[in-house]
Amino acid sequence: GENVEQHPSTLSVQEGDSAVIKCTYSDSASNYFPWYKQELGKRPQLIIDIRSNVGEKKDQRIAVTLNKTAKHFSLHITETQPEDSAVYFCAATSGTYKYIFGTGTRLKVLA
Amino acid sequence: GAGVSQSPSNKVTEKGKDVELRCDPISGHTALYWYRQSLGQGLEFLIYFQGNSAPDKSGLPSDRFSAERTGGSVSTLTIQRTQQEDSAVYLCASSGGSPYGYTFGSGTRLTVV
């Protein structure tokens, strides 16, 4: 079945450094790739997304890149801040509406 | 409503009992999704509803799990004869008829003792 792999499972960075989280997907028909941030005890919230006709998208300190040929996409956070500490999930569409999520990356930003 | 509402927020039940979890999507959203998040794990797809189409039930883990959506709005996820491995946070999401950006509810934390 469809699968999304996410690495690393945990990531610690010093405040101000960059963080990169990588995902691969198996369904070549996937055409939409959202990223969600989940703070402890809270609901996942969409932070950025990218569609398959675009290779890169940026929103302030956050960027996402997509390589459709390799079925890879990545989240880049620059100038990390303590409030960036959370669990981040990537996802890829499967079929028309369903998302398959990665297993999550716990990011810790050390002050 | 302004957001996706789920109730109850917490539910403790005894093994073997049935439970019902409720989701009230954003008004006008035609697509509704249920996911399960076990402690420290990712989000596992359970089921989704889109308009009047037959639901995609491919993620339901066993026949003890069922869901319905009445009138194209509120959805109920039912777990019969609960087991300890059913303990998890059950998240509901909705979207406006496209897959571009689900909005999640706060979830129901189910504990089976």
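The values are calculated or read from the model by the stated rules, or taken from the named source; none is laboratory data. If you're wondering where the values come from, they're calculated on a predicted model, not measured in any experiment. Cβ coordinates were reconstructed from backbone atoms using ideal geometry, including for glycine residues, and neighbour counts include every protein chain displayed. Surface accessibility is based on the protein's heavy atoms, side chains included, excluding ligands, DNA and RNA. Shrake-Rupley method; radii C 1.70, N 1.55, O 1.52, S 1.80 Å.
Search the stretch A:86-111 for residues being hydroxyl-bearing (Ser, Thr, Tyr) and surrounded by 20 or more Cβ atoms within 10 Å (Cβ to Cβ), and hand back the single one that is nearest to A:Pro44 (Cα to Cα).
Across the stretch A:86-111, the extreme among qualifying residues is A:Tyr88.
Quick check on the stretch B:68-80: of everything there that is within 18 Å of B:Lys57 (Cβ to Cβ) and of a type outside the set (A, V, I, L, M), which residue is most open to solvent (accessible area, probe 1.4 Å)? Per the stated criteria, the residue is B:Glu68.
Here is the figure for the stretch A:30-51: residues that are small (Gly, Ala, Ser) and open to solvent by 70 Å² or more (accessible area, probe 1.4 Å) total 1. A Cβ distance below 6 Å, combined with a sequence gap of six or more or placement on separate chains, defines the contacts here; from the stretch B:1-17, residues that are closer than 16 Å to B:Thr108 by Cα and in contact (Cβ under 8 Å) with a residue 12 or more places away in the chain reach residues that are open to solvent by 80 Å² or more (accessible area, probe 1.4 Å) and outside any loop (DSSP other than H, G, I, E, B) in the pairs B:Ser7/B:Arg22; B:Asn10/B:Arg109. Cβ-Cβ distances below 6 Å connect the following pairs, each with a first residue in the stretch B:71-86 that is within 11 Å of B:Glu20 (Cα to Cα), a second residue that is at pLDDT 95 or above and assigned to a helix (DSSP H, G or I), and a separation of six or more residues or different chains: B:Ile79/B:Asp86.
For the stretch A:86-111, which residues satisfy the criterion of being of a type in the set (D, E, K, R) and either within 7 Å of chain B (Cβ to nearest Cβ) or under 11 Å from the mean Cα position of the chain (by Cα) (or both)?
Applying the first criterion (of a type in the set (D, E, K, R)) to the stretch A:86-111 yields A:98, A:106, A:108.
Scanning the stretch A:86-111 gives a single hit, A:Lys98.
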